[in-house]
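Below you'll find the structure, written out as structure tokens, and then a few comments.
The values are calculated or read from the model by the stated rules, or taken from the named source; none is laboratory data. These figures come from a predicted structure and were not determined experimentally. Note that each Cβ is placed from the backbone with ideal geometry, even for glycine, and that neighbours are counted across all protein chains shown. Heavy atoms of the whole protein, side chains included, go into the accessibility calculation; ligands, DNA and RNA do not. Shrake-Rupley method; radii C 1.70, N 1.55, O 1.52, S 1.80 Å.
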Amino acid sequence: MAAPMVSACASLGAGGSSDPMAPLPHDPDSYAQPDVARVKHVALDLKADFTRKVLRGTATLDIVARAGATEIVLDVDGLAIGSVSGNGRELQYAIGAAQPDHGAPMTIQIGDARQITIAYETSPGASALGWMEPAQTSSGKQFLFSQGESIYTRSWVPTQDSPGIRQSYEARIVAPEGLRAVMSAEMLTPDGEPAEGGRAYRFRMMHPIPCYLFALAIGDLEHRAISHRTGVWAEPSIADAAAYEFADMERMLRTAETLYGPYRWGKYEVLVLPPSFPYGGMENPRLTFATPTAIAGDRSLVALIAHEMAHSWSGNLVTNALWVDSWLNEGFTTYIEARIDEALYGEERANMARALDWAGIQRAIQAGPPDATRLHLLHPTDEQPSAITYDKGALFLRTIEQTIGRRQIDAYLRSYFNRHAFQPMTTDLFLADFREHVVKGDAALEARLKLNEWAYEPGLPSNAVEPHADAFDRVAAEVTAFNAGGPVSAVPWASWGTFERQRFLQTIPRQQQAARLDEMEAALQLNELGNMEVLFDWLKIAIANHCDASVPSLEHFLKRQGRSKFVRPLYTDLMRDGWGQPIARRVYAEARPMYHPLVSAALDRLVTRR
Ligand code: BES
Ligand code: ZN
């Protein structure tokens, strides 16, 4: 058995717990030494310089430290430090050697100072910051956005960048005249205040959060209210479409509250980003950041909002203490997403999503290696949303639900979020908590649940139940007819939703005759699909078959959005052989400036190597 047990009543440091120095597990992705000194609060005063693509100003840190501590270690990546001061004098500091992706340790001699101010400037290549030129936005104005998860906040804020170290924050941000700043925090000055060289916006997040949730965007933004506490922010030309697409937000929030207890963050709003935003969504508190490709026009991708909203409980309230346990954020959230989806849109639709996820888990297990199919990861991985962290994680909770009953798991999760609110979590601690509150020493139940096997072993335990969706039986019948040579025009494509279409494209054999692909394209107009998930499934088939007719559509897809989940697998497939490589290189050369630094860093290795 891989992991040691901790005592059942144990709780990890920070947040609501009374001891601000409560012990934390060692985080190999951070240089911080939280047992010596911790950052509790960050106050930013920054000005955005779009010409130089830098943020410049100060960060004032409130620190708690163990008695006699005289230094603090922060994480920094590419920051140009002007000075550090505390207790009215200049403080000595040293920046150590940098490691790939992790930046460097910054050790400050704080002496007895418990509040320090760092004057600094970010680098134009800061990994967390996307600086968009007018041509890359729908308003034709500049746009800046940050992306902190998982370890990128250190490239724009000098602080302790470990998800177990919770910090409240406040900020004053000066944006150029005509642009507005928004953050993952209460907005104290909706219209800004006059400031030198622009307008100043002030913010406050009173709850302690992990600093990967610090988030800033600056752009030509308009607001549309959806309810008294939900709404959208978007560039003017897409604000109405966004408000239409996400109209169900208040209903979703009420559903989540009924299941898991009150929403604790006040407002829930969504910011629509430019197409180079590298994720589908990012759960920044009070202000989810979302890809514009979520606006399909027919509300068919709103599960993405349910997912980010669900993180308001799993992730933002109770947070993985280490990135090797990110299934505690993403697996729980994927489970909750399906529960919200089911409550709002019915069981059949949720079952289709679960069945697609099951197939994804099977593919991940077949692709191996086995070590990569554990929930508690052996090493922190790269950033790709994975079928294991997300879908095996969700299936674990679904298996618990099927074993102990829905009422019981709902009651347990509600109490789990309450008892651990604003605190970090580990796999060990979750299992101990679940045993204390649910299993209670019942050996037969323990044996049926296979908790340790789920959490620590590769593959799927034998109590995993394959989800079933009736609608997919009908899709299977269509796939059989298609495989027997039946005409594509007989496929009831028009009557299918996103999930049936995905199921069809994911189940037909990867290898198809050229004539068959032409027939599919003509009958289903696949290259014109508005729904990115379905189009992505089609383009994968097209690449596998060297389908020249789909290259313009593929090219358009790769150039009009920069979502990591879509672009990385497509470039990977293209780079597999001599047909795809020249296409990948040509398209990438043109599309690269549009991609976020996190995505282009990965694609540089993939496409431009050799
Ligand atoms: N928190 C993630 C995004 C993320 C994951 C950022 C890992 C950095 C590292 C977010 O909640 C998410 O899961 N987004 C998904 C969409 C979702 C509907 C599955 C995405 O971007 O694809
Ligand atoms: Zn997520």
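Take residue 570 and decide whether it is in a helix (DSSP H, G or I) and open to solvent by less than 10 Å² (accessible area, probe 1.4 Å).
yes
Can residue 132 be described as more than 23 Å from residue 277 (Cα to Cα) and surrounded by 15 or more Cβ atoms within 10 Å (Cβ to Cβ)?
no
Filter region 481-530 down to the residues that are in a loop (DSSP other than H, G, I, E, B) and either at positive phi or in contact (Cβ under 8 Å) with a residue 60 or more places away in the chain (or both) and list them by number.
Passing the criteria: 485, 497, 525, 530.
Can we say residue 390 is in contact with an Asp or Glu (Cβ under 6 Å, 6 or more places away or on another chain) and within 14 Å of ligand 1 (Cβ to nearest atom)?
Yes; evaluated as a whole, the condition is true for this residue.
Could you tell me whether residue 363 is under 21 Å from the mean Cα position of the chain (by Cα) and more than 15 Å from ligand 2 (Cβ to nearest atom)?
Here the answer is no, as residue 363 does not meet what is asked.
Can you tell me which residue in region 298-336 is surrounded by the fewest Cβ atoms within 10 Å (Cβ to Cβ), limited to those that are of a type in the set (Asp, Glu) and either under 30 Å from residue 456 (Cβ atoms) or within 13 Å of ligand 1 (Cβ to nearest atom) (or both)?
Of everything passing the filter in region 298-336, 330 is surrounded by the fewest Cβ atoms within 10 Å (Cβ to Cβ).
How many residues does region 198-213 hold that are under 17 Å from residue 46 (Cβ atoms) and open to solvent by 60 Å² or more (accessible area, probe 1.4 Å)?
3
Which members of region 395-452 meet the condition of being of a type in the set (Gly, Ala, Ser) and either touching a Leu at 6+ places or on another chain (Cβ under 9 Å) or open to solvent by 30 Å² or more (accessible area, probe 1.4 Å) (or both)?
The answer is 411, 415, 421, 441, 443, 444, 447.
If you check every pair at least six apart or on different chains, which have Cβ atoms under 6 Å apart with a residue in region 321-335 that is farther than 20 Å from residue 34 by Cβ first and a residue that is of a type in the set (Val, Ile, Thr) second?
327/389; 330/389
Does residue 598 satisfy the condition of being part of a helix (DSSP H, G or I), open to solvent by less than 60 Å² (accessible area, probe 1.4 Å), at pLDDT below 95 and under 22 Å from residue 135 (Cβ atoms)?
yes
Restricting the first residue to region 289-302 and requiring it to be free of Cβ contacts under 8 Å to residues at least 60 places away in the same chain, which pairs with a second residue that is among the aromatic types (Phe, Trp, Tyr) and surrounded by fewer than 22 Cβ atoms within 10 Å (Cβ to Cβ) meet a Cβ separation below 8 Å and a spacing of at least six or different chains?
Note: pairs meeting the criteria are 299/244.
This table checks each residue for (1) more than 16 Å from ligand 2 (Cβ to nearest atom); (2) acidic (Asp, Glu).
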{"site": "248", "(1), (2)": "yes, yes"}
{"site": "254", "(1), (2)": "yes, no"}
{"site": "257", "(1), (2)": "yes, yes"}
{"site": "268", "(1), (2)": "no, no"}
{"site": "274", "(1), (2)": "yes, no"}
{"site": "289", "(1), (2)": "no, no"}
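Going residue by residue through region 470-492, is there one that turns out to be open to solvent by less than 20 Å² (accessible area, probe 1.4 Å), closer than 30 Å to residue 403 by Cβ and small (Gly, Ala, Ser)?
Yes: one or more hits.
Spot the failing condition for residue 154; the list is (1) outside any helix (DSSP H, G or I); (2) touching a residue at least 12 places away in the same chain (Cβ under 8 Å), and only one is missed.
Among (1) outside any helix (DSSP H, G or I); (2) touching a residue at least 12 places away in the same chain (Cβ under 8 Å), residue 154 violates only (1).
With respect to residue 306, is the statement that it is away from ligand 2 (no atom under 16 Å from the Cβ), small (Gly, Ala, Ser) and not in a loop (DSSP other than H, G, I, E, B) true?
Judged against the criteria, residue 306 is not a match.
Test residue 234 against the criterion of being under 22 Å from the mean Cα position of the chain (by Cα), open to solvent by less than 10 Å² (accessible area, probe 1.4 Å) and closer than 28 Å to residue 163 by Cα, and give yes or no.
no
A quick yes/no check of all residues on (1) within 16 Å of ligand 1 (Cβ to nearest atom); (2) surrounded by fewer than 24 Cβ atoms within 10 Å (Cβ to Cβ); (3) modelled with pLDDT under 95:
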residue	(1), (2), (3)
250	no, yes, no
255	no, yes, no
259	no, yes, no
266	no, yes, no
272	yes, no, no
276	yes, no, yes
285	yes, no, no
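Among the residues of region 337-383, which ones are acidic (Asp, Glu) and either surrounded by 19 or more Cβ atoms within 10 Å (Cβ to Cβ) or modelled with pLDDT of 95 or more (or both)?
337, 341, 342, 347, 348, 357, 383, listed by residue number.
Each row is one residue, and each column tells you yes or no for (1) part of a loop (DSSP other than H, G, I, E, B); (2) crowded, with 17+ Cβ neighbours inside 10 Å; (3) modelled with pLDDT of 95 or more.
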{"residue": "537", "(1), (2), (3)": "no, yes, yes"}
{"residue": "555", "(1), (2), (3)": "no, no, yes"}
{"residue": "578", "(1), (2), (3)": "yes, no, yes"}
{"residue": "584", "(1), (2), (3)": "no, yes, yes"}
